[in-house]
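One structure is given below, encoded as C-alpha cells.
Every number in this text was worked out from the coordinates using simple rules, so none of it is lab data. Quick caveat: nothing in here was measured; it's all calculated off a predicted structure. Glycine also receives a Cβ, built like all others from the backbone with ideal geometry; neighbour counts cover every protein chain displayed.
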Amino acid sequence: MKTRRSDRLIDMTRYLLERPHTLVPLTFFSQRYESAKSSISEDLAIIRRTFAQRHTGILETVPGAAGGVRYVPIIAATEAQTFISQIAERLSDSERLLPGGYVYLTDLLGTPEVLRQIGRLIATQYIDSSVDAVMTVATKGIPIAQSVSQYLNVPFVIVRRDSKITEGSTVSVNYVSGSSDRVQKMELSKRSLKPGSGVLIVDDFMKGGGTVGGMKSLIEEFDAKLLGVSVFAEGDFNGDRLIDDYTSLLRINQVDSKTKTITAEAGNYLQRNAELLTGLDK
C-alpha cells in the first residue's frame with residue numbers, strides 16, 4: 001500500500017533506529033512503501049539532516065548495486081560531558097557508601113536512561129571498529145553489555161565464575177584478582193565466540209584489573225581478538241594495575257569510611273576520545 005511521506009518518515013526513522021550498523025538497501029524501502037527510489041532518497045536526506053542536527057547519529061550512504069544506508073549511533077561531546085558530570089555528582093553522594101568501603105551502583109545500572117547513555121558513550125568510541133561481540137562478567141556488567149551491544153548491534157557474551165548446566169561445555173581460566181591477589185576461576189561457553197572474533201570487554205567497576213585480565217585470557221583461549229576495554233567506573237588503586245589500556249567513564253578517587261565521603265569525577269573517556277567527539281560535533 002502506498003504510504004504518505006509523513007508516515008514514511010516516521011516508519012523509516014523507527015526502522016533505522018532499531019537496526020544500528022545494518023546496511024538497508026534502498027530497494028527495501030521502495031518496495032515497503034511502494035514509492036520511487038528518488039522519493040526514498042529525499043526522505044533519507046531529511047532523516048540524515050535531522051540526525052546530524054540532533055546528534056542522534058550518522059546516516060551513511062553506501063553506493064553501488066549492493067549499497068544502501070546504514071545508521072550509526074553517536075553521542076555529542078556536550079551531551080557526553082553533561083551526562084558524565086551529572087553521574088559523577090550522583091556518585092559523590094555519601095549515602096552510596098557501603099560497609100567495607102564499597103560504593104552502591106545498582107540503582108544507576110538499573111535505570112534505563114542511564115544505561116542508554118552508557119551504551120551510546122561506549123558504542124560511539126567503537127564506531128570504526130569491527131566489534132563482533134561484547135563481553136562482560138556476571139552479574140553487574142550484564143546490563144552495560146546489553147546496552148552497548150544494542151547500539152553496536154552485536155551479541156553480548158557473559159563470563160561466569162561458576163558452571164551452569166545450560167551453558168554446555170565451557171572454557172575456563174584461572175586469574176589473579178588485582179585487588180586481593182587471590183587466584184580465582186572464570187569460564188565461558190565454548191559456543192560463545194568464534195575464532196578471530198573482535199571482542200570488546202565492558203564492566204561496571206575496575207580496581208586492580210584482575211577480572212578484566214581474566215577475560216582477556218579467555219579471549220586468547222578462543223583465538224579471538226581484544227579490541228578494547230571500557231568500564232563504567234574505576235577506583236583508586238595503590239599498585240600496578242594489571243590492565244593499563246582502557247577507558248573509564250568515571251573515576252572514584254576517594255572513599256573514606258570514617259568521614260563518610262566519596263569523591264567521584266570524570267574518568268579518562270572524554271580525554272581519550274576528545275578528537276573523535278569533537279569531529280562528530282561538526
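Things to note:
- Dipole magnitude of the chain, debye to nearest 20 (Cβ charges: Lys/Arg +1, Asp/Glu -1, about Cα centre): 820
- Max mean-square fluctuation residue, GNM over the chain, Cα-Cα springs under 10 Å, options THR56, THR247, THR136: THR56
- For the chain, the longest principal axis of the C-alpha atoms and the axis of helix 77-91 are separated by about 30°.
- Working note: Debye formula, equal point scatterers on the alpha-carbon atoms of the chain, no solvent; log10 I(q)/I(0) at q = 0.08, 0.11 Å⁻¹ is -0.40, -0.71.
- Most positive-pole-ward Cα, MET186, GLY196, ALA233, against dipole of the range 161-234 from beta carbon charges: GLY196
- With at most 13 neighbouring Cβ atoms within 10 Å, loop GluC sites (Glu not before Pro) (DSSP) excluded, longest segment of the chain: 35-282
- Alpha-carbon Rg/Rh ratio, for the range 107-263, with Rh computed the Kirkwood way: 0.97
- Set LYS185/LYS225; LYS140/LYS164; LYS37/LYS194; LYS194/LYS282; LYS37/LYS225; LYS185/LYS260 screened for pairs whose C-alpha atoms are more than 28 Å apart: LYS37/LYS194; LYS194/LYS282; LYS37/LYS225; LYS185/LYS260
- Charges were assigned to the Cβ only: +1 to each Lys and Arg, -1 to each Asp and Glu. The resulting dipole of the range 43-172 about its Cα centre is roughly 120 debye.
- Degrees between helix 112-125 axis and first principal axis of the chain (Cα, 0 to 90, nearest 10): 80
- Translational diffusion of the range 16-172, µm² s⁻¹ [Kirkwood Rh, Cα pairs; Stokes-Einstein; 25 °C; 0.890 mPa s]: 134
- Whole-Å semi-axes of the ellipsoid equivalent to the range 5-73 (Cα gyration tensor, √5λ, descending): 17, 14, 11
- Loop-resident chymotrypsin sites (Phe, Trp or Tyr not before Pro) (DSSP state other than H, G, I, E or B) in the range 98-158 with no more than 16 further Cβ atoms inside 10 Å of their Cβ: TYR102, TYR104.
- Using the Cβ-Cβ distance between ARG272 and LYS185 with R0 set to 30 Å, the FRET efficiency from 1/(1 + (r/R0)^6) comes to roughly 0.40.
- Helical contribution to [θ] at 222 nm, DSSP H n ≥ 4, -39,500 (n - 2.57), averaged over the chain, rounded to 500: -11000 deg cm²/dmol
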